[in-house]
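Written out below as structure tokens is the structure these notes cover.
The values are calculated or read from the model by the stated rules, or taken from the named source; none is laboratory data. Please read all numbers here as calculations on a predicted model, not as lab measurements. Note that each Cβ is placed from the backbone with ideal geometry, even for glycine, and that neighbours are counted across all protein chains shown.
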Amino acid sequence: MRGSARLLTPLAAAAFALFAALPASAVPNWLPPNVNASYGTKVDDLYFAIYFIVAAFFFLTEGLILYCCIAFRGRPGRKAKYMHGSNVAETVWTVIPALILIGIGVAQAGTWKEIRMTFPSEKDPNTLVIQTFPKQYEWAFRYAGADGAFGTADDVYQNGIHIPIGRKVLVKLSSSDVIHSFFVPHARVKLDAMPGMMGRTWFTMDKVSVWNLKDQKMEVLTLEEMKSKKVAWALTNGPSRQAWGYKLVEASTDAPDAQLKKGMKKYSYELLTGKTNVQVWYEGKVQDVPAAEVDAVFHRYEIACAELCGMQHFNMRSNVFVDPPEIYDTWYKGVCDQAVKTGSPEVTTARWHTYWDQAHPTWNKAIE
């Protein structure tokens with residue numbers, strides 16, 4: 001019995017790996033929807049290519065182990081024979097992985113260059129530049145104010161970001177204390193924020209996140225798909241206070257399996273007290289409609305810290321709101337007007353000026 005159990009162990013391991021691989025092969029959309037129009041598909045293609053190469057060699061290796069356990073098991077009358085090894089076999093199983101790694105490196109070199117080395121120009125009026133300076137345990141973002149320059153009195157400080165749909169976004173990041181990591185899963189973007197270093201990443205998001213009020217689920221839609229839907233705003237994510245019609249409710253318990261995948265939080269949106277009519281984005285413009293006619297609410301994409309940065313790491317979350325162009329312009333004008341009016345009395349302002357706005361040959365050099 002004990003010998004049989006030893007023989008079954010590799011088989012059990014292979015079966016477990018097979019079931020672990022099923023989500024990738026049987027459910028093509030097991031990753032969050034890709035909304036990065038610039039290079040998100042290339043990242044996914046590389047991910048799945050590596051996944052299936054590793055899976056194939058895993059099953060080959062485990063299959064050989066299982067075969068050897070059965071074919072060369074101890075039997076009455078069989079005498080074990082000592083073998084020193086095979087230089088040929090060792091060369092083969094060293095060279096093959098090396099060639100695969102080199103092949104992957106060559107295949108993805110162009111994508112790596114596009115993502116990590118070729119950035120949109122900051123002088124291009126279609127490039128939105130955002131700076132982030134995270135600290136334990138919050139994200140801090142800065143937009144240039146109405147004058148278009150960073151480090152001036154009208155800079156806009158936010159703890160989340162709004163971006164216009166389809167526009168290139170250049171994020172410049174560093175950390176004010178420990179290592180953090182800027183991670184937007186839906187945009188296939190991840191880059192560490194290092195203390196004392198300037199990091200850069202960029203992306204283009206071509207779909208808006210909305211919460212379907214009827215089906216109680218998140219959807220990602222193009223502007224064309226949104227035209228037939230009446231989409232309202234929740235607290236803080238609308239272009240103005242007048243546009244706020246709902247509030248987001250995030251349950252502290254997991255959602256039922258029938259609604260969302262197990263382990264995910266349950267979201268819902270509640271109509272604000274006293275609201276009967278709300279502003280919506282419908283057929284390309286803002287309109288007032290009865291609340292009963294609203295199809296969805298503008299939702300968010302999550303920004304997570306993908307680096308264990310301390311005891312409250314789990315709280316370090318923020319949001320990306322993707323807006324139709326006119327809505328973004330309205331929001332941006334509103335926060336700029338507020339910044340000028342209040343003078344941005346942020347406790348972090350001095351730190352931003354100290355670490356970001358001083359002259360430095362490489363630290364905050366603009367990308368031509």
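Identify, from the list Val106, Val95, Val43, the residue that is among the β-branched types (Val, Ile, Thr) and more than 30 Å from the chain's Cα centre (by Cα). Full working, then the answer.
On the way: Val106 fails: more than 30 Å from the chain's Cα centre (by Cα); Val43 fails: more than 30 Å from the chain's Cα centre (by Cα).
Just a single option satisfies the conditions, and that option is Val95.
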Filter the stretch 281-303 for residues that are part of a strand (DSSP E or B) and in contact with a Ser or Thr (Cβ under 8 Å, 6 or more places away or on another chain); which is surrounded by the fewest Cβ atoms within 10 Å (Cβ to Cβ)?
-> Pro290
Trp202: passes all of (1) modelled with pLDDT of 95 or more; (2) assigned to a loop (DSSP other than H, G, I, E, B) but (2)
Flagged in the stretch 146-181 as outside any strand (DSSP E or B), surrounded by 17 or more Cβ atoms within 10 Å (Cβ to Cβ) and more than 22 Å from the chain's Cα centre (by Cα), in numbering order, are Phe150, Asp154, Asp155
So, first residue under 23 Å from Val208 (Cα atoms) in the stretch 307-323, second residue in a helix (DSSP H, G or I) and among the polar types (S, T, N, Q), Cβ within less than 9 Å, six or more apart or across chains; the pairs are Asp323/Thr330
Among the residues of the stretch 119-145, which ones are hydroxyl-bearing (Ser, Thr, Tyr), over 26 Å from Val220 (Cα atoms) and more than 20 Å from the chain's Cα centre (by Cα)?
-> Ser121
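To keep it simple, each residue is scored yes or no on (1) in contact with a helix residue (DSSP H, G or I) (Cβ under 9 Å, 6 or more places away or on another chain); (2) closer than 18 Å to Arg188 by Cβ; (3) assigned by TED's automatic domain parsing to the domain that holds Glu307.
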{"site": "Val95", "(1), (2), (3)": "no, no, no"}
{"site": "Val106", "(1), (2), (3)": "no, no, no"}
{"site": "Ile130", "(1), (2), (3)": "no, yes, yes"}
{"site": "Phe133", "(1), (2), (3)": "yes, no, yes"}
{"site": "Glu138", "(1), (2), (3)": "yes, no, yes"}
Could you look through the stretch 235-258, keep only residues that are hydrophobic (A, V, I, L, M, F, W, C) and in contact with a Lys or Arg (Cβ under 6 Å, 6 or more places away or on another chain), and pick out the one that is modelled with the lowest pLDDT?
-> Ala255
With the first residue restricted to the stretch 269-288 and required to be assigned by TED's automatic domain parsing to the domain that holds Leu248 and at pLDDT 90 or above, and the second required to be among the hydroxyl-bearing types (Ser, Thr, Tyr) and surrounded by 11 or more Cβ atoms within 10 Å (Cβ to Cβ), Cβ contacts under 8 Å at 6 or more apart or on different chains are Tyr269/Tyr246; Glu270/Tyr246; Leu271/Tyr246; Leu272/Tyr246; Val278/Tyr246
Those residues that are over 14 Å from Asn319 (Cα atoms), in contact (Cβ under 8 Å) with a residue 40 or more places away in the chain and not in a loop (DSSP other than H, G, I, E, B), I need them from the stretch 182-194; list them, please.
-> Lys190, Asp192, Ala193
Pairs only if they're at least six apart or on different chains, beta carbon under 8 angstrom, first in the stretch 67-82 and among the β-branched types (Val, Ile, Thr), second in a helix (DSSP H, G or I); list them, first residue then second.
-> Ile70/Leu7
Determine which member of the set Ala149, Ala234 is in contact with a Leu (Cβ under 9 Å, 6 or more places away or on another chain) and either under 19 Å from Asp329 (Cβ atoms) or not polar (S, T, N, Q) (or both).
-> Ala234
Looking at Lys123, Lys79, which one is in contact with an Asp or Glu (Cβ under 9 Å, 6 or more places away or on another chain), surrounded by fewer than 12 Cβ atoms within 10 Å (Cβ to Cβ) and not in a strand (DSSP E or B)?
-> Lys123
